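What follows is a short report on a single structure.
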Amino acid sequence: MIRKQLEILERIAREHGTPVFIIDHEKIRENYREFREKLPDVQAYFAVKANSNLEIIKTMYDLGASFDVASFPEFMLVHDNIKHFPQKERQDFIWDKIIYANTIKPAEVLAKLNEYKILVTFDNIEELRKIKKHAPDVGLVLRIRVPNTGSMVELSSKFGAHPGEAVDLIAEAVKLGLGVEGISFHVGSQCNNFDNYSQALNFASSIFKEAELRNYQIGFIDREGKKRKILDIGGGFPVKYTPDVKSFTALSEKLNSEIKRLFPDKDIQVIAEPGRFMVATACTLITKIVGKAVRDGKTCYYLNDGVYHTFSGQVFDHQPYPLHSFKDGEKKVCATFGPTCDAFDTISLADELPEDLQIDDLLYAENIGAYSIASSTYFNGFPPTKVVHLNKL
Ligand SMILES: Cc1ncc(COP(=O)(O)O)c(C=O)c1O
């Protein structure tokens with residue numbers, strides 16, 4: 001990070017105290033624009049689970065994004081608030097704006113969702129029966145199980161119908177009088193193996209074809225009265241946390257050409273559910289050294305943020321967030337711990353920081369916008385970090 005940026009961070013820490021989580025909305029806008037420029041035919045449904053901060057939702061909405069929600073509270077967070085946002089483009093239909101992309105929904109949630117006639121995903125027969133009973137008016141998207149090989153977060157053991165049973169599930173939905181509007185998949189989060197996307201697109205294309213051959217109607221009628229099918233390519237778009245992560249440009253080129261090849265008909269509406277890609281690089285955390293000890297010859301720094309809080313992504317997301325000092329100096333291996341009484345609250349046993357940092361010195365972690373404050377707890381009475389916004393319009 002350049003000196004000028006460090007000075008801004010230090011000023012924010014002085015003004016607001018620590019820990020402090022800084023969200024740069026200009027960077028979010030940049031990420032969104034890159035996504036749309038490189039995948040111009042794909043509507044982005046921002047996966048709110050990655051970071052549900054309301055100001056991020058507002059920024060995404062202003063940019064023209066739609067939303068992927070995972071629970072009823074997330075649905076309400078978007079739904080109740082987008083009504084009050086200034087609308088940059090006209091969005092008449094709630095189902096253009098929100099997909100409920102959790103294949104398992106409690107009956108009482110389905111009953112509430114039915115009122116909104118929202119789009120929801122499903123991947124099994126029990127869920128279909130529940131939907132028939134409690135939410136017969138929602139639109140359905142069948143989530144299929146696809147390879148997650150080489151992705152940082154694996155999702156296929158928990159979600160997705162086997163491609164071999166997909167058309168039978170569509171048949172069941174038709175039999176129950178429910179409307180299947182499309183197919184979705186998720187290649188696993190932080191996917192660095194782009195073959196996952198190719199294989200998933202091939203599965204989806206074959207399923208659409210087989211359903212057509214068997215005369216099962218998939219799709220919906222759009223505002224212009226045209227029949228359209230949804231192809232939801234999920235999330236997984238990788239963030240360059242480290243130089244070995246492949247470029248989004250390469251992925252977008254592959255996706256564009258594969259989609260064109262496999263779905264030549266103009267009746268396909270492609271959507272995606274990017275989470276990490278939009279927010280990871282837009283956020284920085286500043287934390288403070290609040291204690292120091294030497295154990296077994298190694299310096300241990302105790303910080304006022306840790307793995308029960310903003311560093312929770314290390315556990316749930318398998319993503320390390322290396323700490324940096326504002327001070328220069330020769331680096332030495334040290335341990336960094338969070339503030340709680342649990343030894344599990346270990347950020348790293350092998351961080352590299354300048355020698356001899358002092359209590360009250362500040363540290364920062366970059367690219368920490370996704371799956372971080374979203375899963376922060378109040379463990380031991382320590383609240384989640386405060387949040388500061390930069391470059392909000
Ligand atoms: C259904 C679904 N959609 C989208 C996402 C967002 O994925 P990513 O952050 O990799 O873009 C996830 C992440 O777990 C998910 O489960």
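The values are calculated or read from the model by the stated rules, or taken from the named source; none is laboratory data. Note that the structure is a prediction, hence the values are computed from the model and not measured. Because the Cβ atoms are built from the backbone with ideal geometry, glycine has one as well, and the counts that use them run over all protein chains shown.
Within the range 181-190, not a single residue is in a helix (DSSP H, G or I), buried (at least 22 other Cβ atoms within 10 Å of the Cβ) and within 16 Å of the ligand (Cβ to nearest atom).
For the range 157-168, taking the residues that are under 14 Å from Glu126 (Cα atoms) and within 13 Å of the ligand (Cβ to nearest atom), the one that is surrounded by the fewest Cβ atoms within 10 Å (Cβ to Cβ) is identified as Phe159. Every listed requirement among (1) over 30 Å from Val141 (Cα atoms); (2) at pLDDT below 95; (3) in the same structural domain as Tyr100 (by TED's automatic domain parsing) is met by Gly329 save one, (3). Taking the range 246-262 as the range and being closer than 20 Å to Glu37 by Cα and among the hydrophobic types (A, V, I, L, M, F, W, C) as the test, the residues that pass are Phe248, Ala250, Leu251, Leu255, Ile259. Picking from residues in the range 303-333 that are more than 18 Å from Pro384 (Cβ to Cβ) and assigned to a strand (DSSP E or B), the one that is nearest to the ligand (Cβ to nearest atom) is His324. The C-beta contact set for the range 272-283 (first residue within 9 Å of the ligand (Cβ to nearest atom), second residue of a type in the set (S, T, N, Q), distance under 6 angstrom, 6+ apart or interchain) comprises Met278/Asn31; Val279/Asn51; Ala280/Asn367. Reported count of residues in the range 50-74, each being assigned to a helix (DSSP H, G or I), within 15 Å of the ligand (Cβ to nearest atom) and buried (at least 22 other Cβ atoms within 10 Å of the Cβ), is 3.
Residue count for the range 29-77 satisfying the condition of being under 21 Å from Leu251 (Cβ atoms), at pLDDT 95 or above and of a type in the set (Ser, Thr, Tyr): 2. Of all the listed residues (Ser184, Ser156), the sole one being over 30 Å from Ile221 (Cβ atoms) and in the same structural domain as Lys254 (by TED's automatic domain parsing) is Ser156.
Let's see how each residue does on (1) surrounded by fewer than 20 Cβ atoms within 10 Å (Cβ to Cβ); (2) aromatic (Phe, Trp, Tyr); (3) at pLDDT 95 or above:
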residue: Val307; (1), (2), (3): no, no, yes
residue: Asp342; (1), (2), (3): yes, no, yes
residue: Ile347; (1), (2), (3): no, no, yes
residue: Glu352; (1), (2), (3): yes, no, yes
residue: Leu357; (1), (2), (3): no, no, yes
residue: Ala365; (1), (2), (3): no, no, yes
residue: Ile368; (1), (2), (3): no, no, yes
residue: Tyr371; (1), (2), (3): no, yes, yes
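Can you tell me how many residues within the range 253-271 are within 21 Å of Asp195 (Cβ to Cβ) and more than 14 Å from the ligand (Cβ to nearest atom)? Outline the logic, then answer.
Filtering the range 253-271 for residues within 21 Å of Asp195 (Cβ to Cβ) gives 253-263, 270.
Pick out the ones that are also more than 14 Å from the ligand (Cβ to nearest atom) and you get 253-254, 256-263, 270.
Qualifying residue count for the region: 11.
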